[in-house]
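To start, the structure itself, in structure tokens.
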Amino acid sequence: DTAVSQTPKYLVTQMGNDKSIKCEQNLGHDTMYWYKQDSKKFLKIMFSYNNKELIINETVPNRFSPKSPDKAHLNLHINSLELGDSAVYFCASSHGDTSNQPQHFGDGTRLSIL
Amino acid sequence: AQSVTQLDSQVPVFEEAPVELRCNYSSSVSVYLFWYVQYPNQGLQLLLKYLSGSTLVKGINGFEAEFNKSQTSFHLRKPSVHISDTAEYFCAVSEGNEKLTFGTGTRLTIIP
């Protein structure tokens, strides 16, 4: 009965590879987010989708491409992985598209680039 | 543009002692304020939020926070901490239709 679930939990891969992280929420929310948390725990938003439409796109390399097949899913595909991509990636969701709504987070995907 | 400052990166506290985690924000408009907690190897969970109304807000696990507009602060407090409160605490701010901006976090360590 996990509310926001991400897979995989751990991802270890080599530089230059392409990988995807999947996220699903069963809360009935219509907005989903991807965040990146670096080694110093700094948390920064990358993307936000509302009803499958992109509403926030921070300054993120275009190697990162989010895809939302429906409002319960928001996947993140990363091309040509670099050492600096090593981080924990969190998916989150909330009601509506205004940020006065609390966000519900998944447990994160720890990405390690060798 | 909105921003959040958490001046204390680490706060050690003895068990059953009170604690205050400081948060200051910067914004030119009305804001919404949040505190989230992150336990090891987990995602963030909402502790409490201030949207409007009473400046003292109560959250889960015995935490509370006070919104002070003149000092642009939203400090988090708990009168008596427990070992299970050991975690990373994040203050966050939004300006309504803008994104949520997080502070750099405060690691709360409870000493038995």
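Residues that are within 12 Å of chain A (Cβ to nearest Cβ) and either buried (at least 20 other Cβ atoms within 10 Å of the Cβ) or in a strand (DSSP E or B) (or both): does segment B:14-32 have at least one?
yes
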(request) May I ask you to verify whether B:Gln38 is touching an Asp or Glu at 6+ places or on another chain (Cβ under 8 Å), at the interface with chain A (Cβ under 10 Å from one of its Cβ atoms) and under 30 Å from A:Tyr10 (Cα atoms)? (result) yes
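Yes/no matrix, rows are residues, columns are (1) touching a Gly at 6+ places or on another chain (Cβ under 8 Å); (2) among the hydroxyl-bearing types (Ser, Thr, Tyr); (3) within 25 Å of B:Cys91 (Cα to Cα):
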{"residue": "A:Asn17", "(1), (2), (3)": "no, no, no"}
{"residue": "A:Leu27", "(1), (2), (3)": "no, no, yes"}
{"residue": "A:Met32", "(1), (2), (3)": "no, no, yes"}
{"residue": "A:Gln37", "(1), (2), (3)": "yes, no, yes"}
{"residue": "A:Phe42", "(1), (2), (3)": "yes, no, yes"}
{"residue": "A:Ser48", "(1), (2), (3)": "no, yes, yes"}
{"residue": "A:Lys67", "(1), (2), (3)": "no, no, no"}
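Yes/no matrix, rows are residues, columns are (1) in contact with a His (Cβ under 9 Å, 6 or more places away or on another chain); (2) among the charged types (D, E, K, R); (3) in contact (Cβ under 8 Å) with a residue 12 or more places away in the chain:
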{"site": "B:Tyr25", "(1), (2), (3)": "no, no, yes"}
{"site": "B:Val31", "(1), (2), (3)": "no, no, yes"}
{"site": "B:Tyr36", "(1), (2), (3)": "no, no, yes"}
{"site": "B:Pro40", "(1), (2), (3)": "no, no, yes"}
{"site": "B:Lys49", "(1), (2), (3)": "no, yes, yes"}
{"site": "B:Val57", "(1), (2), (3)": "no, no, no"}
(request) Please tell me if A:Asn51 is at positive phi and either of a type in the set (Ser, Thr, Tyr) or open to solvent by 60 Å² or more (accessible area, probe 1.4 Å) (or both). (result) yes
(request) Considering only residues that are surrounded by 16 or more Cβ atoms within 10 Å (Cβ to Cβ) and free of Cβ contacts under 8 Å to residues at least 40 places away in the same chain, look in segment A:61-85 and name the one that is farthest from the chain's Cα centre (by Cα). (result) A:Asp85
(request) Go through A:Gly96, A:Gly84 for me and flag whichever is closer than 26 Å to B:Ser3 by Cβ and in contact with a His (Cβ under 9 Å, 6 or more places away or on another chain). (result) A:Gly96
(request) For A:Lys22, indicate whether it is surrounded by 13 or more Cβ atoms within 10 Å (Cβ to Cβ) and either in a loop (DSSP other than H, G, I, E, B) or within 14 Å of chain B (Cβ to nearest Cβ) (or both). (result) no
(request) May I ask you to say which residue of B:Ser80, B:Ser94 is over 10 Å from B:Cys23 (Cα atoms) and open to solvent by less than 50 Å² (accessible area, probe 1.4 Å)? (result) B:Ser94
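The values are calculated or read from the model by the stated rules, or taken from the named source; none is laboratory data. Just so we're clear, the structure is a prediction, and the values are computed from it rather than from any experiment. Using ideal geometry, Cβ is built from the backbone for each residue, glycine included, and neighbour counts are taken over all protein chains shown. Side chains included, ligands, DNA and RNA excluded: accessible areas come from the protein's heavy atoms. Shrake-Rupley method; radii C 1.70, N 1.55, O 1.52, S 1.80 Å.
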